[in-house]
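So the structure is just underneath, and the comments pick up after that.
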Amino acid sequence: MRWVLCAILLLPAITFAEPKPWMQRENPNELGYLVSVQPECPFTQEEISAVLEGEFLRSSVEPVNWASTPDLYMNLDVSCLGRTTDGQPSDWSISSSLGFAVIINREPMLYAGLEYGSQTNAGVGASSIQFIKDTITSGIDAALADFLKANFDE
């Protein structure tokens with residue numbers, strides 16, 4: 001029950017996010033990205049990067065290296081905690097931090113107040129791992145929707 005409550009509390013962050021003027025880019029047809037996935041996770045950094053790149057391409061945004069768009073890029077960090085019951089893997093607790101960042105004085109700076117990440121709990125089976133990926137994908141889609149709205153809506 002408490003996980004349902006947590007999911008409900010996280011919905012407004014994704015549902016009511018609004019595009020910001022700082023999301024506007026001179027070339028909005030490309031956007032950089034940086035993905036970091038802890039080695040403890042049940043999927044690799046390459047798998048999550050492929051998911052993100054696929055969502056970019058479906059949105060007609062060319063995914064490029066984050067360093068080539070220092071004025072704005074998407075930043076995704078995924079942390080995982082596997083739990084066991086009686087010595088057997090039982091479930092995963094996944095935290096994804098997803099938002100936009102810029103490079104200022106050669107340092108990455110995350111924009112505050114607009115977060116598309118999530119907290120997810122799931123089992124250890126293949127369908128549970130897919131559920132986690134789908135949750136991360138939903139955040140990517142929401143962030144891209146705001147980026148596109150900021151750049152292409154009048």
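The values are calculated or read from the model by the stated rules, or taken from the named source; none is laboratory data. In this text the structure is predicted, and so the values were computed from the model without any measurement. Ideal geometry is used to build each Cβ from the backbone, glycine not excepted, and the neighbour counts take in all protein chains shown.
Exactly one residue out of V78, V64 is touching a residue at least 12 places away in the same chain (Cβ under 8 Å), surrounded by fewer than 17 Cβ atoms within 10 Å (Cβ to Cβ) and part of a strand (DSSP E or B): that is V64.
Residue pairs whose Cβ atoms lie under 6 Å apart, separated by 6 or more positions or on different chains, with the first residue in region 105-119 and at pLDDT below 90 and the second in a loop (DSSP other than H, G, I, E, B), are L114/A17. All of (1) surrounded by 14 or more Cβ atoms within 10 Å (Cβ to Cβ); (2) at pLDDT 90 or above; (3) more than 12 Å from the chain's Cα centre (by Cα); (4) not aliphatic (A, V, I, L, M) hold for T85 with one exception: (1). Residues of region 25-46 that are surrounded by 15 or more Cβ atoms within 10 Å (Cβ to Cβ) and either farther than 17 Å from A142 by Cα or touching a Pro at 6+ places or on another chain (Cβ under 9 Å) (or both): R25, L31, G32, Y33, L34, V37, C41, P42, F43, Q45.
Within region 3-24, restricting attention to residues that are at pLDDT 50 or above and surrounded by fewer than 16 Cβ atoms within 10 Å (Cβ to Cβ), the residue that is farthest from W66 (Cα to Cα) is E18.
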